[in-house]
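Reviewing the structure listed below.
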Amino acid sequence: MMKLYNFGVLWLLLLPLAFTSFVHANEAIVNLHLASPSNTPRNHYIHALLTLAFAEQGKQVNFIYSIRPMNKKRVVEELSKASSINLAWLSLPANSYPDLHHTSLSIYQGLHGKRLLIINKNQQPRFAEISTSAQLKPLIALQKQSWSDYDVLIRNGFTVNGELDYKGMTRALETGLADYFPRSVSAIAAEVTKLQHQNLMIEPTIMLQYPSHYYFYTHKQNDALLMELEAGLLKLQKNGKFAQLYQQFFGEKERDLALSSRKVFHLN
């Protein structure tokens, strides 16, 4: 009985300390409720960036994904409810969703605003002679009207065929009915590999630069979470870890596509 009594007294004495440790442990863990992607794998770069940013604040991250996949429209809808997902990385027009707040640093450092051109291999000498956007504008670009790039190109005075589906676009390039197909730097290499049976290539000298930046968004009711993340990201920027992580994931891609040596046409 004495041993049992001592154990009970000891437990009572340690209970407040145990509870305090439990609370502190929980406070050191950040639960991020994220949307499962609808047609792409989970983003390892985003995971690494969030993990590093919260680690700078002395926090660990617990990633919790939605059961059902969500497209971009659904992500914005759920994020706006303040009771569903609590964080997303998005590229949205400024001030378009007043209930959503975002971090200040561009997650991909503008990478998603860089476009290279898929062209017919036989047309490469023609494109090599282009040195200004004015020379490119009369040529026929390809985009779907529902894609954001279509609006950017039209707004900047480019000639765009927006009537074709994807298969029709690649066929138009092969047959000379269109001249080029702007595609994201992050995906164009894999895309052209899939099209290797066609007479298409990545044009090696030109890059279009669009104003496209991704930020971390949350509902304004979760501003405490956002402030914690913002502080961590700024520390990563200051100590160089942000740039190191970006190079780890995207540096080789930028080098392989020779982005630093291309003619850059800036669009608004």
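The values are calculated or read from the model by the stated rules, or taken from the named source; none is laboratory data. In this text the structure is predicted, and so the values were computed from the model without any measurement. As a convention, Cβ positions derive from the backbone with ideal geometry for all residues, glycine included, and neighbour counts pool all protein chains shown. Please note that ligands, DNA and RNA were not included when accessible areas were found on the heavy atoms of the full protein model with its side chains. Shrake-Rupley method; radii C 1.70, N 1.55, O 1.52, S 1.80 Å.
Worth a mention:
- In a residue-by-residue description of region 75-95, the property of being in a strand (DSSP E or B), modelled with pLDDT of 95 or more, over 16 Å from the mean Cα position of the chain (by Cα) and within 22 Å of ALA231 (Cα to Cα) applies to no position.
- Residue that is nearest to TYR150 (Cα to Cα) [pool: residues in region 232-268 that are more than 20 Å from the chain's Cα centre (by Cα) and among the hydrophobic types (A, V, I, L, M, F, W, C)]: PHE265
- Here LEU136, LEU92 are screened, and the one residue that is of a type outside the set (D, E, K, R), open to solvent by less than 80 Å² (accessible area, probe 1.4 Å) and within 30 Å of GLN247 (Cα to Cα) is LEU92.
- Those strands (runs of 3 or more DSSP E) lying entirely in region 99-159 with at least 1 residues closer than 20 Å to GLU191 by Cβ and either in contact with a strand residue (DSSP E or B) (Cβ under 6 Å, 6 or more places away or on another chain) or at pLDDT 95 or above (or both): 114-120, 140-142
- Here the condition is being over 22 Å from ALA94 (Cβ atoms) and not in a helix (DSSP H, G or I); of MET169, MET201, it holds for MET201 alone.
- Tabulated pairs, region 96-122, first touching a residue at least 60 places away in the same chain (Cβ under 8 Å), second open to solvent by less than 10 Å² (accessible area, probe 1.4 Å) and charged (D, E, K, R), C-beta under 7 angstrom, 6+ apart or interchain: LEU116/GLU203; LEU117/GLU203; ILE119/GLU203
- Candidates are the residues of region 102-132 that are of a type in the set (Gly, Ala, Ser) and open to solvent by less than 40 Å² (accessible area, probe 1.4 Å); the one that is farthest from THR205 (Cα to Cα) is SER106.
- Matching residues, region 202-222, being of a type outside the set (Phe, Trp, Tyr) and open to solvent by 50 Å² or more (accessible area, probe 1.4 Å): PRO204, PRO211, HIS213, LYS220, GLN221
- Selection count, region 176-187, where residues are at pLDDT 95 or above and not aromatic (Phe, Trp, Tyr): 6
- Condition met for ALA243 (modelled with pLDDT of 95 or more, in a helix (DSSP H, G or I), surrounded by fewer than 15 Cβ atoms within 10 Å (Cβ to Cβ) and on the phi < 0 side of the Ramachandran plot): yes
- LYS144 among the basic types (Lys, Arg), surrounded by 13 or more Cβ atoms within 10 Å (Cβ to Cβ) and either within 30 Å of THR51 (Cα to Cα) or touching a Ser or Thr at 6+ places or on another chain (Cβ under 9 Å) (or both): no
- Boolean, GLY251 is farther than 27 Å from ASN122 by Cβ, open to solvent by less than 50 Å² (accessible area, probe 1.4 Å), without any contact (Cβ under 8 Å) to a residue 12 or more places away in the chain and of a type in the set (Gly, Ala, Ser): yes
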